[in-house]
Amino acid sequence: MADPAEATTNQMDLPSPPRGSEPARDGGSAFLCSLCDLDQVHKISQLLLPGLAAACVDSTTGDLFRGPASVAVDVRKDMVEFLGRMSESYVAESVLLHAQEGGGAAAPATPDAAAAPAQADPDSEAAAPEDAVEGEQLQPMDIVSDFLEDFAASKRNLLSRVSGWLMSETREDKVDDFVQEMETNGFWLADRRVALAETLLRNLDYDNTYHCGMGFDTAEELAAHRGECRFRPVRCGNEGCNATFCAVHSDKHDSACPFKILLCEQNCGQSIPRREMDRHCITVCTMKLVNCPFYQVGCRTDAFPRCQIERHCSDSLQSHLLYVLQVIHKQDDVTVDELKQRAEQLEKARSFIFRFSLIR
């Protein structure tokens, strides 16, 4: 049986959904999909612990009898309630603004909506009310970040307000240290922060840009939809990659996955994982551009692929021998014509030795 105290703590982590976000019990959809953009959920959840730490540190600055850990439970409760209220207020302002602009109130999503125009691209930024600069839009994580800053400001004590504390490196160090302490002690587990982040995302995403708002009458219909929902979690199919993301981000991940196998960028014909491509191209690739081995003694042929070194040296044997002899006899009183004759003799001797080895 679950511990009532723990159940209360779990419930405390989740703000109440805003009015109108629950499906109607009479005639409404009984089963909501509610799958979320995992990337946005992760970003929001990553903000919560530092936000809580900042509020706890600022509220106890200069206090000889209390430290951040002593107020963490109460501050977390206040923060969760604050985020719930702010998200409800935000979505109400967004809907009102949308209506004033002539868009009308957003209707709940239904299975029939699949035939309607596609929802906004989740890689684009979500609409925001008056706090957004005209022409710019805020993503949910930006909105939550602003909420957390407002909450931390409301918790600052007098010393925090009148001193240069907020701009000091000491404050940042204390916030970082307290974040580390909470993570070590498991004060606010990651799965609970993710649950809160999902709730906040659904609250703020009134136009279903970052979560699915589709409703269904039966569990079977919901299950069938979730197998095709653009926000369903999928795993990367590239060997060695364990990334999980929403189906809608599959192409985005595939274009950057370090484990994806690609043909060599220098067209050597080999297939290389993306993360090893640079090292391959500058080390072992047969199409890497190189200078002639006799470059230092005078061969100034333009750089060519490494795989062509043997052919180049064979085609340029006489000139290479000439360059070498010039270096050897640099201090001697020998003319260029004499050096050319010696190079021809060496080349003939090489050809004779090669033919003799074939006869044997």
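Just so you know, all these numbers are worked out from the coordinates, no wet-lab data involved. These numbers were taken from a predicted model, which means no experiment stands behind them. Note: ideal-geometry Cβ built from the backbone for every residue, glycine included; neighbour counts use all protein chains shown.
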Within segment 209-238, name every residue whose backbone N is under 18 Å away from a label modeled 7 Å from Cα of Ala30 along the Cβ vector.
214-226
Over all alpha-carbon pairs of segment 168-273, lay out the pair-distance distribution in 5 Å bins, whole %, shortest bin first.
2, 9, 10, 12, 14, 13, 13, 11, 8, 6, 2, 0
Two-site label geometry, Ala92 and Ala153: point separation in nm, points 7 Å out along Cα→Cβ
2.1 nm
Subtracting the Cα-Cα distance from 0.36 nm times the residue separation, let me have the gained length for Thr170 to His42 in nm, one decimal.
43.3 nm
